[in-house]
């Protein structure tokens with residue numbers, strides 16, 4: 001199926017050409033979005049400890065969650081992020097991705113794409129469970145995982161299937177229209193990591209939903225351009241947040257911050273899907 005990558009500037013006028021495409025025409029593939037619990041919820045975390053490099057939030061503590069998503073596009077399936085690995089200690093998921101998909105009557109081999117927001121372990125922990133899928137990952141993040149751009153917290157073993165050449169990889173340098181019809185688009189939002197992406201999903205009923213990856217970890221970060229102390233690039237982070245804010249405003253999109261329990265709970269409870 002034909003796929004397209006767009007050359008865009010993070011804040012340029014051209015950034016919205018793809019995002020502003022008309023709603024899906026009648027007869028187009030049905031798109032659904034199912035959120036899954038892909039790690040165990042831990043005790044609320046103090047935001048200032050790691051998630052603000054300007055100590056903006058006083059003693060605020062918030063619930064940190066691990067979420068990943070199944071997108072159904074007609075007869076095709078895409079996983080967006082894969083959550084924590086089973087050996088991730090207290091944060092490991094109680095039920096793994098394969099078991100969750102079985103409850104939806106979806107087999108791992110039916111997953112056509114595994115889209116990755118970024119290379120951190122809590123987002124790629126179960127990627128190897130989908131060996132038939134094409135891995136879609138930001139070029140900068142793939143460079144980290146393959147050693148071209150060394151980072152201390154890269155766990156390449158979690159995507160060993162693709163690094164070893166066992167599966168197809170498509171690196172995504174900018175934006176990517178996954179299915180070629182504007183319904184599911186990876187949006188280039190560097191800053192948290194070099195190749196970070198968000199995912200925009202257009203649903204016939206609910207409208208446009210943007211899954212944040214780790215562009216922001218909590219509503220407070222998103223609202224006031226808060227930057228974690230461990231991000232790859234501060235200025236890129238702020239530019240990416242502002243880009244997504246503009247897209248959200250232009251398209252009346254709903255932002256789902258993937259680690260914020262308040263945002264994740266905006267979507268139907270598994271196994272129900274947003275449509």
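What the table below lists for this structure:
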{"item": "Matching option when the condition is part of a loop (DSSP other than H, G, I, E, B), touching a residue at least 40 places away in the same chain (Cβ under 8 Å), at positive phi and out of contact with any helix residue (DSSP H, G or I) (no Cβ under 8 Å at 6 or more places or on another chain), among 180, 165", "result": "180"}
{"item": "Any hit, region 123-132, residues being more than 18 Å from residue 78 (Cβ to Cβ), surrounded by 24 or more Cβ atoms within 10 Å (Cβ to Cβ) and over 13 Å from the mean Cα position of the chain (by Cα)", "result": "no"}
{"item": "Residue in region 142-154 that is touching a residue at least 12 places away in the same chain (Cβ under 8 Å), in a strand (DSSP E or B) and either over 22 Å from residue 97 (Cβ atoms) or in contact with a helix residue (DSSP H, G or I) (Cβ under 8 Å, 6 or more places away or on another chain) (or both) present", "result": "no"}
{"item": "Region 105-138, residues that are in a loop (DSSP other than H, G, I, E, B) and either within 14 Å of residue 37 (Cα to Cα) or without any contact (Cβ under 8 Å) to a residue 24 or more places away in the chain (or both)", "result": "105, 107, 125, 126"}
{"item": "Members of region 88-104 found to be in contact with a strand residue (DSSP E or B) (Cβ under 8 Å, 6 or more places away or on another chain) and either buried (at least 18 other Cβ atoms within 10 Å of the Cβ) or part of a strand (DSSP E or B) (or both), listed by number", "result": "93, 97, 100, 101"}
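Conditions (1) touching a helix residue (DSSP H, G or I) at 6+ places or on another chain (Cβ under 6 Å); (2) modelled with pLDDT of 95 or more; (3) more than 16 Å from residue 217 (Cα to Cα); (4) not in a helix (DSSP H, G or I), marked per residue:
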position	(1), (2), (3), (4)
1	no, no, yes, yes
17	no, no, yes, no
23	no, no, yes, yes
28	no, no, yes, yes
34	no, yes, yes, yes
49	no, no, no, no
53	no, yes, no, yes
70	no, yes, yes, yes
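The values are calculated or read from the model by the stated rules, or taken from the named source; none is laboratory data. Every value quoted in this text rests on a predicted model; they were computed, and no experiment measured them. Cβ: placed from backbone, ideal geometry, glycine included. Neighbour counts: every protein chain shown.
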